[in-house]
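Trainee: My questions all concern the structure below.
The values are calculated or read from the model by the stated rules, or taken from the named source; none is laboratory data. These numbers come from a predicted model, not from an experiment. Note that each Cβ is placed from the backbone with ideal geometry, even for glycine, and that neighbours are counted across all protein chains shown.
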Amino acid sequence: MASPVTALSPQELVAAWADEPALTYIDVRTVSEFCAGRPKGQVVNIPWEFHAPAGGSAHPNAGFVEVVSALFARDAPLVTGCGKGPRALAAAEALGKAGFSNVRSLAGGFTAWQAQGLLSTTDNRPGVSYVSLLTRVRRPEGQTGSSGH
């Protein structure tokens, strides 16, 4: 059984980034939420769930653990975060069950981060955005997506 997930306050996450340069924050919010703003630091967007455009009903991201597993070692220092905390905790628990041993979550999510007045950004460049990460995981090495002509 996976151990309970440790929750970090926004200030504790700032300190952890200073102490653990390899630490990555996985923002599990939707792509649109992520693009509207996120903590400034080593952050990637891997949504825990998607929302249907009509009605906004939530659908789990069946590839969440697959993408994280392809990008990070099982002992990599990771912190999950969302808007207020519940999705981040669920994502961290799922990663723990999948064998990740160094996963924490951000207590209060991005809402708490903003309330502390900490640095934020809307950066969504390749290597950070979900589409670029998913493409890296699903496309075989060397395949560019063109027909080669």
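Trainee: Scan segment 118-134 and report the pairs whose first residue is free of Cβ contacts under 8 Å to residues at least 24 places away in the same chain and whose second residue is not small (Gly, Ala, Ser), with Cβ atoms within less than 7 Å and a gap of 6+ or a chain change.
Mentor: These pairs meet every condition: SER132/PRO126.
Trainee: Quick one: in segment 130-149, which of the residues that are modelled with pLDDT of 65 or more and among the β-branched types (Val, Ile, Thr) is surrounded by the fewest Cβ atoms within 10 Å (Cβ to Cβ)?
Mentor: VAL131
Trainee: So CYS35 fits all but one of (1) in a helix (DSSP H, G or I); (2) crowded, with 19+ Cβ neighbours inside 10 Å; (3) among the hydrophobic types (A, V, I, L, M, F, W, C); what number is the exception?
Mentor: (2) is the only condition that CYS35 fails.
Trainee: Something else: Which condition does GLN114 not pass, out of (1) touching a residue at least 60 places away in the same chain (Cβ under 8 Å); (2) assigned to a loop (DSSP other than H, G, I, E, B); (3) of a type in the set (S, T, N, Q); (4) under 23 Å from LEU8 (Cα atoms), if it passes all the others?
Mentor: It is condition (2) that GLN114 fails.
Trainee: Moving on. Taking LEU89 as the residue in question, decide whether it is in contact with a Lys or Arg (Cβ under 6 Å, 6 or more places away or on another chain) and farther than 17 Å from THR122 by Cα.
Mentor: Spelling it out, it is not the case that LEU89 is in contact with a Lys or Arg (Cβ under 6 Å, 6 or more places away or on another chain) and farther than 17 Å from THR122 by Cα.
Trainee: Here is a follow-up. Please specify each residue of segment 78-94 satisfying the condition of being in a loop (DSSP other than H, G, I, E, B) and either loosely packed, with under 12 Cβ neighbours inside 10 Å or of a type in the set (D, E, K, R) (or both).
Mentor: Matches in segment 78-94: LYS84 only.
Trainee: Moving to a separate point now. Within segment 42-60, work out how many residues are of a type outside the set (Val, Ile, Thr), under 12 Å from the mean Cα position of the chain (by Cα) and not in a strand (DSSP E or B).
Mentor: 3
Trainee: Of all residues in segment 3-16, how many are surrounded by 14 or more Cβ atoms within 10 Å (Cβ to Cβ) and either modelled with pLDDT under 95 or of a type in the set (Gly, Ala, Ser) (or both)?
Mentor: 4
Trainee: Can I ask one more? Of all residues in segment 85-130, which are closer than 11 Å to VAL28 by Cα and basic (Lys, Arg)?
Mentor: Listed by number, the list holds a single entry, ARG87.
Trainee: Can you tell me which residues in segment 48-86 are under 18 Å from THR135 (Cα atoms) and among the acidic types (Asp, Glu)?
Mentor: GLU49, GLU66
Trainee: When you go through (1) surrounded by 15 or more Cβ atoms within 10 Å (Cβ to Cβ); (2) at pLDDT 95 or above; (3) part of a loop (DSSP other than H, G, I, E, B); (4) not basic (Lys, Arg) one by one for ASP75, which number turns out not to apply?
Mentor: All conditions are met except number (1).
Trainee: Okay, next question. Say we look at segment 102-111 and pick out the residues that are not in a loop (DSSP other than H, G, I, E, B) and not small (Gly, Ala, Ser); which of these is farthest from SER69 (Cα to Cα)?
Mentor: Among residues in segment 102-111 that are not in a loop (DSSP other than H, G, I, E, B) and not small (Gly, Ala, Ser), the one farthest from SER69 (Cα to Cα) is THR111.
Trainee: Something else: Give me a count of the residues in segment 20-32 that are surrounded by 15 or more Cβ atoms within 10 Å (Cβ to Cβ) and more than 12 Å from SER129 (Cα to Cα).
Mentor: Result for segment 20-32: 3.
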